[in-house]
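As structure tokens, the structure follows; a few thoughts come after it.
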Amino acid sequence: MYKVLIVEDDRALADILEKNIAAWDHETRCVRNFQNVTQEFEEFKPHLVLMDIMLPFFNGYHWCEQIRKNSDVPIVFLSSASDNMNIVMAMQMGGDDFIPKPVDPAVLIAKIQAILRRAYGMPGAGALLEHNGVKLDLNNDTVSYNGRQAELTKNEFRILRTLMEHRGKIVSRDTLMTNLWQMDCYVEENTLTVNVARLRKTLAGIGLGELIRTRVGSGYIIED
């Protein structure tokens with residue numbers, strides 16, 4: 001579980017962000033005192049900050065600068081002013097990403113998950129994701145089941161990892177594509193379909209042909 005600090009003065013939007021992020025088992029807190037954001041940051045000690053640009057008293061750039069004096073925690077800017085100048089300014093001030101408003105929940109979650117993985121690294125040696133006998137080795141991109149093992153391509157591995165991390169929940173196609181894009185591999189929708197089909201064929205070769213289920217109009221799921 002990671003902790004996400006939400007610095008957003010639109011109370012309704014902050015509640016929506018908090019609800020969506022908490023649904024993925026992250027701990028959240030919404031800033032209440034916009035005169036001293038750094039105090040709440042230091043008290044909560046988040047792993048990631050969602051930072052609106054237009055805030056009461058001081059803007060998000062100011063608070064990003066203050067946080068950067070003592071911390072390298074990832075900061076993702078949110079703004080309805082999504083022109084190139086604001087995006088460039090956000091990056092120059094120490095931001096790690098920029099999400100335009102209105103916020104797409106699928107894009108938000110995918111970017112947060114990808115940034116957290118990059119910031120806090122891959123698990124150590126021998127790290128596995130396991131589910132009903134399926135073992136995904138996070139260090140060598142292999143999957144095994146009942147003593148049989150298969151190697152995965154980078155895209156296949158990323159798709160399977162995302163689905164296994166969120167088993168029991170439907171993962172949308174948009175989320176998968178954004179997740180792959182965040183990992184420096186741009187994926188068109190048709191390319192995703194091809195990669196899922198290849199992954200299913202690989203899994204079928206070790207007896208897991210029914211592991212990934214399609215939810216028409218919604219996405220994919222590995223059921224609990």
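The values are calculated or read from the model by the stated rules, or taken from the named source; none is laboratory data. It should be emphasised that the depicted structure is a prediction, and the values quoted were computed from it without experimental measurement. All Cβ positions, even for glycine, are placed from backbone atoms using ideal geometry, and neighbour counts span all protein chains on display.
Of everything in segment 75-84 that's surrounded by fewer than 21 Cβ atoms within 10 Å (Cβ to Cβ) and not polar (S, T, N, Q), which residue is modelled with the lowest pLDDT?
Here the answer is ASP83.
Could you pull out the residue among ASP25, ASP15, ASP52, ASP9 that is of a type outside the set (Lys, Arg), crowded, with 17+ Cβ neighbours inside 10 Å and in the same structural domain as VAL103 (by TED's automatic domain parsing)?
ASP52
Considering only segment 193-219, state which residues are of a type outside the set (A, V, I, L, M, F, W, C) and in contact (Cβ under 8 Å) with a residue 60 or more places away in the chain.
Within segment 193-219, GLY207 is the sole residue that qualifies.
Here is a yes/no grid of residues against (1) in the same structural domain as PHE98 (by TED's automatic domain parsing); (2) surrounded by fewer than 17 Cβ atoms within 10 Å (Cβ to Cβ); (3) assigned to a helix (DSSP H, G or I):
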{"position": "LYS19", "(1), (2), (3)": "yes, yes, yes"}
{"position": "ARG32", "(1), (2), (3)": "yes, yes, no"}
{"position": "GLU40", "(1), (2), (3)": "yes, no, yes"}
{"position": "PHE58", "(1), (2), (3)": "yes, yes, no"}
{"position": "GLN66", "(1), (2), (3)": "yes, yes, yes"}
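What's the number of the condition THR214 fails, among (1) at pLDDT below 90; (2) more than 17 Å from the chain's Cα centre (by Cα); (3) hydroxyl-bearing (Ser, Thr, Tyr)?
(1)
Please go through (1) touching a Phe, Trp or Tyr at 6+ places or on another chain (Cβ under 6 Å); (2) in a helix (DSSP H, G or I) for ASN190 and return the number of the only condition it doesn't satisfy.
That leaves (1) as the condition not met.
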